[in-house]
Amino acid sequence: MIDLETRTAGRPGALRRAAPALLGYAAVRALGLLALALWSAARDKNAYTLLTARWDSLWYTRVAELGYGYEVRLPNGDVHSNLAFFPLLPWLERLGAALSPLSYADAGFVVSLLASLAAAWGIFAVAEHLHGRRAGVCAVLLWAVLPVGIVQSMAYSESLFTALAAWSLYAVLTGRWVTAGLLASLAGLTRPVGLAVAAAVWAAAIAAFVRSRGDGVPDGARGPRHAPGEGARRVLGMVLAPLGAAGYVLWVGHRTGEGPLGYLDVQAGWRNGFDGGVAFARFVAGRFTSFPSALAGVALVVGVVLLLRLYVVCVRRRQPLPLLVYTGVVVALALCASSYFGSKPRLLMPAFPLLLPLALSLARLRTSRSTLVVGVLAMASAVYGAFWLNGSGPP
């Protein structure tokens with residue numbers, strides 16, 4: 001029999017149940033944008049330009065406008081190629097510009113805003129499915145008030161990726177294998193960390209297969225019944241899940257002439273790679289060579305410890321396997337990348353399952369106290385986001 005929970009997202013009341021979470025999320029993001037506008041005006045900067053036409057946003061719009069092939073050669077010999085940027089966001093920017101009077105940058109901003117709401121809804125769906133409606137609302141609000149939450153409103157790919165990942169994970173949790181595989185494939189066309197979503201689908205499918213093999217009962221007794229064709233749908237989901245990321249990586253290798261691993265050479269041109277966290281450890285250690293940079297080093301160490309502690313809590317509380325696999329891969333890829341250390345907070349932003357233990361704790365508080373906590377965090381996030389985005393380096 002198909003569990004009635006698999007129909008949760010499709011019931012007419014799904015949006016109504018998610019409405020408090022989405023309204024709260026929109027309010028937090030509006031506060032962040034207001035703080036950014038005020039801070040930017042005080043510094044004689046344009047807030048909209050900061051959101052749509054700096055750093056990675058420019059690379060995405062160049063792909064949308066000119067296609068792939070653009071690169072910048074730096075004096076030190078590094079080559080920054082736009083092949084490093086996955087294509088789904090530029091495709092959507094190009095589509096938005098083709099169907100409306102919007103520019104590519106405007107379309108990217110609109111995609112980000114819509115995707116952030118879709119991501120909030122997906123996070124709510126996962127948390128509600130596991131822990132109930134109140135925890136779902138709290139999980140969304142905690143994701144909204146992350147210190148780097150302003151990135152959710154930028155013409156970056158984080159919101160789009162998180163939306164696809166969250167809904168793919170929800171589809172896995174509710175047994176919709178083909179949907180999960182399709183969404184995982186799209187996530188793989190959005191960011192390199194799409195590997196995490198595909199890994200979650202595979203882990204869940206393998207675990208389900210093992211459970212199904214163990215359902216047989218000796219002596220002719222009848223074990224649990226499964227929906228007809230579930231095994232075939234599960235296999236199809238597994239096949240679909242890695243196609244997006246694998247297809248783009250192989251295409252880049254073919255285009256560069258470097259073979260299947262050519263994408264790694266493109267990343268090397270950005271001095272980015274996977275070194276097991278050695279470069280990040282050296283970066284943190286370097287903060288302790290002087291004062292006050294040592295304070296930043298302490299903050300980094302505390303942040304990493306808390307991050308790992310949250311993951312341990314998720315494991316101990318028996319969070320579903322696909323969420324643990326997804327989060328583990330996202331965290332590993334973020335912390336063990338060999339470059340762009342200042343960008344690690346936003347690279348960790350899609351790891352929303354880490355917030356579920358905190359959401360449960362927040363949900364247990366009285367409404368007045370939980371509202372106060374979220375309000376204080378929202379103010380802090382808005383101020384920090386405005387300060388951060390008005391800085392000199394890319395987020």
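Numbers below:
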{"read-out": "Val331 vs. criteria part of a helix (DSSP H, G or I), within 21 Å of Pro395 (Cα to Cα), of a type outside the set (S, T, N, Q) and in contact (Cβ under 8 Å) with a residue 12 or more places away in the chain", "value": "yes"}
{"read-out": "Residues of the stretch 171-203 satisfying the condition of being over 22 Å from Leu264 (Cβ atoms) and not in a helix (DSSP H, G or I)", "value": "Thr174, Gly175, Arg176"}
{"read-out": "Residue within the stretch 140-152 that is in contact with a Ser or Thr (Cβ under 9 Å, 6 or more places away or on another chain) and farther than 25 Å from Phe387 by Cβ present", "value": "no"}
{"read-out": "Total residues in the stretch 268-279, condition modelled with pLDDT of 90 or more and aromatic (Phe, Trp, Tyr)", "value": "1"}
{"read-out": "Tally, over the stretch 159-203, of residues that are surrounded by fewer than 24 Cβ atoms within 10 Å (Cβ to Cβ) and of a type in the set (Gly, Ala, Ser)", "value": "3"}
{"read-out": "Members of the stretch 282-296 found to be within 17 Å of Cys336 (Cα to Cα) and without any contact (Cβ under 8 Å) to a residue 24 or more places away in the chain, listed by number", "value": "Arg282, Val284, Ala285, Gly286"}
{"read-out": "From the options Ala166, Ala196, Ala171, residue that is without any contact (Cβ under 8 Å) to a residue 40 or more places away in the chain and either over 28 Å from Tyr384 (Cβ atoms) or of a type outside the set (Phe, Trp, Tyr) (or both)", "value": "Ala171"}
{"read-out": "So Ala279, is it among the aliphatic types (A, V, I, L, M), in contact (Cβ under 8 Å) with a residue 40 or more places away in the chain, surrounded by 13 or more Cβ atoms within 10 Å (Cβ to Cβ) and over 25 Å from Leu183 (Cα atoms)", "value": "yes"}
{"read-out": "Entirely in the stretch 1-110, the helices (runs of 4 or more DSSP H) that have 1 or more residues that are of a type in the set (Lys, Arg), at pLDDT below 95 and surrounded by fewer than 16 Cβ atoms within 10 Å (Cβ to Cβ)", "value": "14-42"}
{"read-out": "Unique residue being out of contact with any Ser or Thr (no Cβ under 7 Å at 6 or more places or on another chain) and in a helix (DSSP H, G or I) when the list is Ser168, Ser116", "value": "Ser168"}
{"read-out": "Wholly enclosed helices (runs of 4 or more DSSP H) of the stretch 227-323 bearing at least 2 residues under 24 Å from the mean Cα position of the chain (by Cα) and closer than 30 Å to Thr174 by Cβ", "value": "230-240, 243-256, 293-316"}
{"read-out": "Top-ranked residue in the stretch 111-129 [being closer than 19 Å to Leu354 by Cα and of a type in the set (Val, Ile, Thr); ranked as surrounded by the fewest Cβ atoms within 10 Å (Cβ to Cβ)]", "value": "Val126"}
{"read-out": "Residue in the stretch 107-128 that is touching a residue at least 60 places away in the same chain (Cβ under 8 Å), of a type outside the set (A, V, I, L, M, F, W, C) and either in contact with a Pro (Cβ under 9 Å, 6 or more places away or on another chain) or over 25 Å from Arg62 (Cα atoms) (or both) present", "value": "yes"}
{"read-out": "Selection from the stretch 54-70 of residues that are over 20 Å from Arg191 (Cβ atoms) and either in contact (Cβ under 8 Å) with a residue 40 or more places away in the chain or among the aliphatic types (A, V, I, L, M) (or both)", "value": "Leu66"}
{"read-out": "Among residues of the stretch 204-215, those that are assigned to a helix (DSSP H, G or I) and surrounded by fewer than 20 Cβ atoms within 10 Å (Cβ to Cβ), counted", "value": "8"}
{"read-out": "Scope the stretch 61-110; condition more than 22 Å from the chain's Cα centre (by Cα), among the hydroxyl-bearing types (Ser, Thr, Tyr) and within 26 Å of Arg271 (Cα to Cα); matching residues", "value": "Tyr68, Tyr70, Ser81"}
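The values are calculated or read from the model by the stated rules, or taken from the named source; none is laboratory data. Remember, predicted model here, so these are calculated numbers, not experimental data. So basically every Cβ, Gly included, is an ideal-geometry build from the backbone, and we count neighbours across all protein chains shown.
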